[in-house]
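Data first, discussion second: the structure below is written as structure tokens.
The values are calculated or read from the model by the stated rules, or taken from the named source; none is laboratory data. Source: prediction; values computed, not measured. Reconstructed Cβ throughout: ideal geometry from the backbone, glycine too, with neighbour counts over all protein chains shown.
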Amino acid sequence: MKSTGKNFIIAFLMVLAIYQTAELWFEDFSGHNFFSFAGNTAAFDDKKDTDYTLKRVIINTGENKMLNCGVNVYRSSCKSISDDALSKLLRRGEVISEGTADWHSILQSKCFVMEYGYSMGRNEAESFFGVSNGNTAKIKSFDTVILASDSDRARLIFLNSETMWSIEFMMNDNSTASNISKLFRFAEQESNIYLISSVQNGFEIFRNNVFISRWDGQKTKYYRAVPKLQYEQEDKEALESEVNLFFDNPAGKWSSSVNGILNYSDESTVVKYYPTGVMEYSNYSAVKQNAENDFYTNYTACLDMLERDSGIKNEIYLKDYRLEDGQYVMYFGCKLNNIPVYMDESLKTAVGMEDYIELYASSGRVSRYRRYCCAYELDSSKAGTASRDFLSAVDDVYSTLEAADETTVDDISLSYADNGSGEVMHLAWIVDIGDAQYVMDTEATDA
């Protein structure tokens, strides 16, 4: 027995010595701690950790033309390939530049551009990408991540599109460079619409680089969209099957109706369904003691809630978030065929929401969840003709402004505009200037 015990101790010490030697040789061991290193790989093993974070993925073909990455990015090998390349570059890459981003230089060659609808910093990068080391410590703030390859060299850029700060990592690794090249096969062009860069094409009306939708020729055909509320108050059976998802013991809940609002509740949970089509979940259970209250902890709690709701039919993405009095408020938008659905101001007012999904979370617990229960579908029988291009849309916006108010455009995007009427939805230009947004139908009446 004593001999066996000694052998076990000797084996343990040998393994420990090998690990400590590896620590000295490889700086990419996260936090120089075996257990944190093992834990940090979980962000890639568990796909939900980064689901729905991206606003969109753009593939630059290197020919002054960009295409959207295919839909359902999180359920394809595209995600695993990009995650693996990003992880390796953060762990083993060297910083080759830091400073003001140069879009001209970045877009000269093929690249894989991941855009977020909000800014993140070092802490979020370490949580989402599963790496914590000297490289991640250099990340200041970003809303765009770019992967590129050049022969046997792999490159990674973190960029803030507002401040134009960027940092670039590179490493000589043929395998990683080759895998990044494989990402370009995910480019899709299901219609005549593609993307161009405002910087590459010299459009000075934009404050910074903007990826702009466009089509060849004066007009293009497209499928309009149809909105449909998922639940009618008269159909309580369908509604209740959705409501039951939010209760641990659905049989133990009770229900009532007050002023047209359907209420379902138990000791700690209340779910309401409003005549406007909004479902609202509230949780009154106690907050966990000593729980982390950072962005990542609360984001993953929000993901658990979203995965619980099987009523979500369209692709969703984190559009923005705010921190209010220690509580994270997260806003999710939705897409249809890779095109965002824009909630018009009239619809926002009618439903009392800023976007399609709103979650309130703190200390890893979601206390409130609201969703506008509307599903969107393309209607092939209702084809439209887009004839107002982005330059015409901007000109038409400027024509409504005083000369002193005309300024550079912050952003412009092509979206399906929902005004809450329930009617067929057209593609529209959403033009951002300062704090205002202008909606311009692509089906110009004077075209």
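Criterion first (modelled with pLDDT under 95, outside the structural domain of R322 (by TED's automatic domain parsing), touching a strand residue (DSSP E or B) at 6+ places or on another chain (Cβ under 7 Å) and crowded, with 18+ Cβ neighbours inside 10 Å) does I146 satisfy it?
no
Kindly indicate which of L336, L401 is modelled with pLDDT under 95, under 18 Å from I430 (Cβ atoms), among the hydrophobic types (A, V, I, L, M, F, W, C) and not assigned by TED's automatic domain parsing to the domain that holds E267.
Result of the check over L336, L401: L401.
Would you confirm whether or not the range 346-362 contains a residue that is among the aliphatic types (A, V, I, L, M), outside any loop (DSSP other than H, G, I, E, B) and in contact with a helix residue (DSSP H, G or I) (Cβ under 6 Å, 6 or more places away or on another chain)?
Yes, the range 346-362 contains at least one residue that is among the aliphatic types (A, V, I, L, M), outside any loop (DSSP other than H, G, I, E, B) and in contact with a helix residue (DSSP H, G or I) (Cβ under 6 Å, 6 or more places away or on another chain).
Residues that are assigned by TED's automatic domain parsing to the domain that holds S241, surrounded by fewer than 18 Cβ atoms within 10 Å (Cβ to Cβ) and under 18 Å from the mean Cα position of the chain (by Cα): does the range 348-367 have at least one?
The answer is yes; a qualifying residue exists.
Of all residues in the range 166-191, which are hydrophobic (A, V, I, L, M, F, W, C) and closer than 15 Å to T61 by Cβ?
Within the range 166-191, I180, L183, F184, F186, A187 meet the criteria.
Any residue in the range 194-222 that's within 22 Å of N338 (Cβ to Cβ): show its pairings with residues that are basic (K, R) and outside any loop (DSSP other than H, G, I, E, B) at Cβ separation under 8 Å, as long as the two are six or more apart or on different chains.
Listed pairs, sorted by first residue: Y194/R214; L195/R214; I196/R214.
For the range 203-258, which residues satisfy the criterion of being of a type in the set (G, A, S) and either farther than 30 Å from G117 by Cβ or modelled with pLDDT under 95 (or both)?
Within the range 203-258, G217, A238, S241, A251, G252, S255, S256, S257 meet the criteria.
So if I check each of K319, K236, which one is surrounded by 12 or more Cβ atoms within 10 Å (Cβ to Cβ), of a type outside the set (A, V, I, L, M, F, W, C) and either without any contact (Cβ under 8 Å) to a residue 12 or more places away in the chain or closer than 14 Å to E358 by Cα (or both)?
K319
Taking the condition in a helix (DSSP H, G or I), in contact (Cβ under 8 Å) with a residue 40 or more places away in the chain and closer than 24 Å to F295 by Cβ, does N123 pass?
yes
Is it true that M330 is in a loop (DSSP other than H, G, I, E, B), surrounded by 15 or more Cβ atoms within 10 Å (Cβ to Cβ) and in contact with a strand residue (DSSP E or B) (Cβ under 8 Å, 6 or more places away or on another chain)?
Taking the combined requirement at face value, the residue does not satisfy it.
Report, by residue number, each residue of the range 288-300 that is closer than 15 Å to S127 by Cα and over 16 Å from the mean Cα position of the chain (by Cα).
E292, N293, D294, T297
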